[in-house]
Amino acid sequence: MSGHDDRPVVPPPSVTAGLPFLLAATISFGFLDSVAKLLTQTYDPLQVTWGRFTFALVIVLPFAVRLATRGGLRSRRPGLQLLRASLLAACNFMFFIAIQTMQLAEVQAIAFIAPLLVTALAALILGERVGLRRWLAVAAGLVGVAVILRPGSGLLHWAAFFAVAQAVINALFHLTTRAIAAHDPPQLTFVYTATVGAVVATPFVPMVWVWPTATDWLLMGVTGLAGALGHLFMILALRRAEASSLAPYMYLQLPWITFLGWMMFGHLPDSWTILGAAIVIGSGIYVYSRERYLRRVGRL
């Protein structure tokens, strides 16, 4: 019998290994949002949502066929998978309503409150213990959203309510994603994401249907491709690095989407939006770093 362990050494997750895929996901989601905003200037956000998921479904079909041949299409928690995918479809729909009239950077900055809401909802719904420091960070993030929206200033747009609603739905989506990860492989979740979104949107889209031009069909295809690639890159990133290690880098999506908003629509966020976004992002990074520390010392 050997006196040492001959099992292969599995390298620890590396941020540097996962970061390129995270950045690729960020770029993909930025293209999705900016092209979706362009389409919402002509088409109802519901139709844009339908196009985003229907074309994503076409792209993920090879994954579905591959899983089916291996008998891997059966979920251990189908109800949770349906709920998760439906939440994502609703989140996209709310986001598209908001960006139809608001700047991309404004809506994205508000969307960054979602990780903080995950912390709050995990405590309220799942009974997870959340200390005073993280509650204060959540409160600071809400202050940041208030700075962006500036209620009472006369500048608050009705679409801002949809921006906040999508952040809440996005937080619930992340909670269900966390719950499903222990039961189903990410490839199956990837297939559910596109399939359910397309199925849910299809019965409603005839109410708002406008036949797209050839160019707009292509742009809808871009949203589907960008969405599918974004989720695929996220899966590859999380295979190579811990989510808590990658989380701070997700905020790089804001400067990227700000650049796209400026290039495509001539929009630049004002100083209040920048200040509010800085507060939200700072609060989010603190919560991620605090949770990573608590997990390391065995208190989370």
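Descriptive notes on the structure:
- Net length available on complete extension from Arg76 to Ile235 is 55.3 nm, with 0.36 nm assigned per residue and the Cα-Cα distance removed.
- Distance in nm between pseudo-label sites at Val297 and Leu61 (7 Å out along the Cβ direction from Cα): 5.4
- Axial C-alpha extent at least 24 Å, average Kyte-Doolittle at least 1.0 - helices from the chain (DSSP): 15-40, 45-69, 78-101, 132-149, 159-180, 214-240
- The slack in the chain from His183 to Ala159, taken as 0.36 nm per residue of separation less the alpha-carbon distance, amounts to 5.0 nm.
- Loop trypsin sites (Lys or Arg not before Pro), the range 67-114, which have at most 15 other Cβ atoms in a 10 Å radius of their Cβ (DSSP): Arg70, Arg74, Arg76
- Mean Cβ neighbour count within 10 Å, used as a protection proxy, ranking 131-139, 283-291 highest first: 283-291, 131-139
- From the alpha carbon centroid of the range 31-61 to that of the range 249-300 is 24 Å.
- Rg and Dmax of the range 160-300, Cα atoms only, in Å: 18.3, 57
- Pairs of Cα atoms nearer than 8 Å and 6+ residues apart set the relative contact order; for the chain it is 42 percent.
- Label-to-label distance for Ser271 and Ile125 is 3.9 nm, based on points extended 7 Å past Cα in the beta-carbon direction.
- Just checking the listed ones, Val48, Val143, Val210: in the Gaussian network model of the chain with Cα springs under 10 Å, the one fluctuating most is Val210.
- Here the range 50-204 is treated as a sphere whose radius is the Kirkwood value from Cα pairs; by Stokes-Einstein at 25 °C and 0.890 mPa s it diffuses with a coefficient of 144 µm²/s.
FYI, it's all coordinate maths here, none of it is from the lab. Note that this is a predicted model, so its numbers are computed, not measured. Glycine also receives a Cβ, built like all others from the backbone with ideal geometry; neighbour counts cover every protein chain displayed.
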